[in-house]
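Encoded as structure tokens, the structure appears first; notes follow it.
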Amino acid sequence: MYNKVLKLAIFVVPLLSLTVYSGFLYENHAIGPELQQHNHSQSENAILSEKLLYPSRDPDRIILNLTETPETSIAINWRTDTTILSGTVEWAEATAGTEFRDNTMSVSADLERLTVKHGEEPTVTANYFSVKVEGLKAGGKYVYRVGTIDAWSEWHQIQMPDASKQKLSFIYFGDAQNDIKSMWSRVIREAYKTFPKIDFMLHAGDLINRHDRDIEWGEWFYAGSFIHATVPSVMTPGNHEYGKDIVLSPQWRRQFNLPLNGPKGLEETCYVVNYTTLKVISLDAEQIDESPIYLEKQKIWLDSVLTADPKKWTAITFHYPVFSTKPNRDNENLRNHFKPLFDKHKVDIVLQGHDHAYGRGMVSNVPTGTMIKDEISGTMYVVSVSGPKMYDISNDPWMERKARNTQLFQIITIDDNTLSYEAYTAHGELYDAFELIKSAKKINKLVNRIPASDERL
Ligand SMILES: [Fe+2]
């Protein structure tokens, strides 16, 4: 197969008029069938899998995303090859038997074509489809499939959250980033196996290593497989979702369908999701770091969404840690600009990545040891990692529990006035736990439930 494809590529490549920039290429094309390039090469020590890289007529990379109103709507995305020119989501209330097929509704998808090329690797062109299904019942169970007449996915089954029960659970993952198929897959699968009844999954950035490298996105979708199509996700971009000149991964806005309610220019990277009792906010940390304009825009926006429409609980995710776990690493600019807002609005929990270790604490010290006790707001800061890349960990006193060289996933459950948090190792052992208890106008009460096991240092 490889040789056949290579021979074909030798003849086909010169016939195609593609503009290749150093490092990467991506562009949107007018819609119409065209030849797919299948010239193969290897780089960065990765074996390129055709199955993970190239689209076919059958939908792949199917993923659910949270909308800004996640109790009654859901966003659905998938990819096909360029011969498929239209896409539909069919959905119905789930039934015990196949009778749901007599009562289906359908929504046509938006389509965007994307061509990507990373370095010397082959060009990949795919059609990306996205749909927002609205008018769902809170607490309802639904089935859906995506595709077109002769190329449908299987029927996936989803459970909408029930706002009246006031209970919500989600899994939080730190950086997956490297060896995603080989070594991150067990983490997302163990997480799903341990807590299949969650309402969503949250990824705190650096889902992949090279922003435009399609095989890495292929591995990410492979690792989660049907879980991505069954449990909705939200994700915040890390520095590795950005390329040179602060260009966002070309796949990000095509393969995901995240809320557009953040500052202009930061669509699908800075946004808010509103449950009845929980506000989930993504900030774009790379743009905070690199752009004084986007820093200021995000500050003003965050202050306004937390002032105008507060919920009982607030979880914020962004990639760079406010308090670092890594020796000699510090994000002072981010801390100086955003911690005062977290304090002002009594943000409950901040979920971060980037440092490739685990640490969490209700901060009374900055990593340098300087006391800022008068600034305590009751916000819990967490840094975690789910992939295999590991860094050293510091001895900074802000961390009440820490770990190095440990792949983890976390489950967070909000039930009325209690937020319960548990961190599990990749092989399913409870590593850290606490509760936050909310009472009106006070800072949260912290109840540590740290297991007796030794810290992994
Ligand atoms: Fe990072």
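The values are calculated or read from the model by the stated rules, or taken from the named source; none is laboratory data. Small disclaimer: the values here were computed from a predicted structure and weren't measured. FYI the Cβ positions are ideal-geometry reconstructions off the backbone, even for glycines, and counts take in every protein chain you see.
Would it be correct to say that residue 381 is under 24 Å from residue 187 (Cβ atoms), in a loop (DSSP other than H, G, I, E, B) and in contact (Cβ under 8 Å) with a residue 40 or more places away in the chain?
Numbers: under 24 Å from residue 187 (Cβ atoms): yes; in a loop (DSSP other than H, G, I, E, B): no; in contact (Cβ under 8 Å) with a residue 40 or more places away in the chain: yes.
Judged against the criteria, residue 381 is not a match.
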Exercise. Just checking, which of 172, 222 is more than 16 Å from residue 353 (Cα to Cα) and assigned by TED's automatic domain parsing to the domain that holds residue 351?
Worked result: 222
Exercise. Looking only at the stretch 181-221, which residues are within 16 Å of the ligand (Cβ to nearest atom), in a helix (DSSP H, G or I) and out of contact with any Leu (no Cβ under 8 Å at 6 or more places or on another chain)?
Worked result: 184, 216
Problem set entry | Hey, residue 196 surrounded by fewer than 24 Cβ atoms within 10 Å (Cβ to Cβ) and assigned by TED's automatic domain parsing to the domain that holds residue 267 or not | yes
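Condition check ((1) of a type outside the set (A, V, I, L, M); (2) farther than 17 Å from residue 398 by Cα) across all residues:
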position	(1), (2)
279	yes, yes
285	no, yes
292	yes, yes
303	yes, yes
316	no, yes
324	yes, no
343	yes, no
347	no, yes
350	no, no
Exercise. From the list 291, 282, 324, which one is at pLDDT 95 or above, under 15 Å from residue 350 (Cα atoms) and small (Gly, Ala, Ser)?
Worked result: 282
Exercise. If residue 313 passes every condition in (1) within 16 Å of the ligand (Cβ to nearest atom); (2) modelled with pLDDT of 95 or more; (3) crowded, with 17+ Cβ neighbours inside 10 Å but one, which one does it miss?
Worked result: (1)
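Residue-wise test of (1) more than 23 Å from the chain's Cα centre (by Cα); (2) modelled with pLDDT under 95; (3) not in a helix (DSSP H, G or I).
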| position | (1), (2), (3) |
| --- | --- |
| 79 | no, no, yes |
| 82 | yes, no, yes |
| 85 | yes, no, yes |
| 90 | yes, no, yes |
| 101 | yes, no, no |
| 114 | no, no, yes |
| 126 | no, no, yes |
| 145 | no, no, yes |
| 154 | yes, no, yes |
